[in-house]
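Chemist: Mind having a look at this structure? Questions to follow.
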Amino acid sequence: MKVSKEKAAENRAAIVKAAGRLFRERGFDKVGVAEITKAAGLTHGGFYGHFASKDALAAEACEAAFAESLDRLPADEASPEGALDAFLTRYLSERHRDRPDAGCPMAAFAGEVARQDPALQERFGAGVERFFAVVEERLPERDGEGDAGRRARAIAIVSALIGGMALARATAQADPDLSVEILAALRGQLGIVGGGGN
């Protein structure tokens, strides 16, 4: 039975969404095509009608995961604590730590992207650049800092977020108090780094 273009697009989107969730939760190499299509509510047989390979799906799922994460950022603008502090609070939360499947693709994928297909590496790099730009926009200017200085500060903040989240996740089961301490310390310190003071 022939599927309509609308239904085909819907099926493809379901596969990408399921893949993004499963890849963030367990990693690219720990999830198979059959599991992804099952999670999307589809059969394995139709997968290759949508994607040339699992690598092609991984690249698209990575890009979609970045878009999903970046779509959350405008809500921070309305926060009384300010856009940057709201972002740091949300990012460095126990909820984000405990839900990698719905969280930031940088924290989920950073440790394994270098071993993946070049197309995935390219999409990941483009997503990282977008995050740097968004964080840089939220940083108040410092006297004499200039654009290069603000970009460097944004890179430092994003890099600390990713490393901090990795450590918080790695210690959450064995030492939950340490995990919470890591998140709290980063929220405070990165707020200082991000602030406008000299």
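Just so you know, all these numbers are worked out from the coordinates, no wet-lab data involved. For clarity, every value in this text was computed on a predicted model and none was experimentally measured.
Chemist: Straight-line reach from Lys5: which lysines fall under 29 Å, measuring Cα to Cα and dropping same-chain residues less than 8 apart?
Modeler: Candidates past the 8-residue exclusion: Lys17, Lys38, Lys54.
Chemist: Sticking with this structure for a sec: Divide by every residue of the chain the summed helix terms, -39500 (n - 2.57) for each DSSP H run of at least 4, and state the resulting mean residue ellipticity at 222 nm, rounded to the nearest 500 deg cm²/dmol.
Modeler: -22500 deg cm²/dmol
Chemist: Using just the alpha carbons, could you tell me how many Å³ per residue the convex hull of the range 49-122 encloses?
Modeler: 103
Chemist: Residue by residue, what Karplus-based ³J(HN,Hα) values in Hz, rounded to whole numbers, does the range 163-180 have, using 6.51, -1.76 and 1.60 with θ = phi - 60° and x for Gly and Pro?
Modeler: Using θ = phi - 60°, the values come out as x, x, 5, 4, 5, 4, 5, 5, 9, 4, 7, 6, 9, x, 5, 5, 4, 5 Hz.
Chemist: On full extension of the chain, what length is gained from Ala114 through Ser93, given 0.36 nm per residue of separation minus the C-alpha to C-alpha distance?
Modeler: 4.9 nm
Chemist: Only one of the listed values, (1) 54, 43, 37; (2) 55, 33, 28; (3) 65, 39, 33, was derived from the coordinates as Cα extents along the principal axes in Å; which label is it?
Modeler: Checking each listed value against the structure points to (3).
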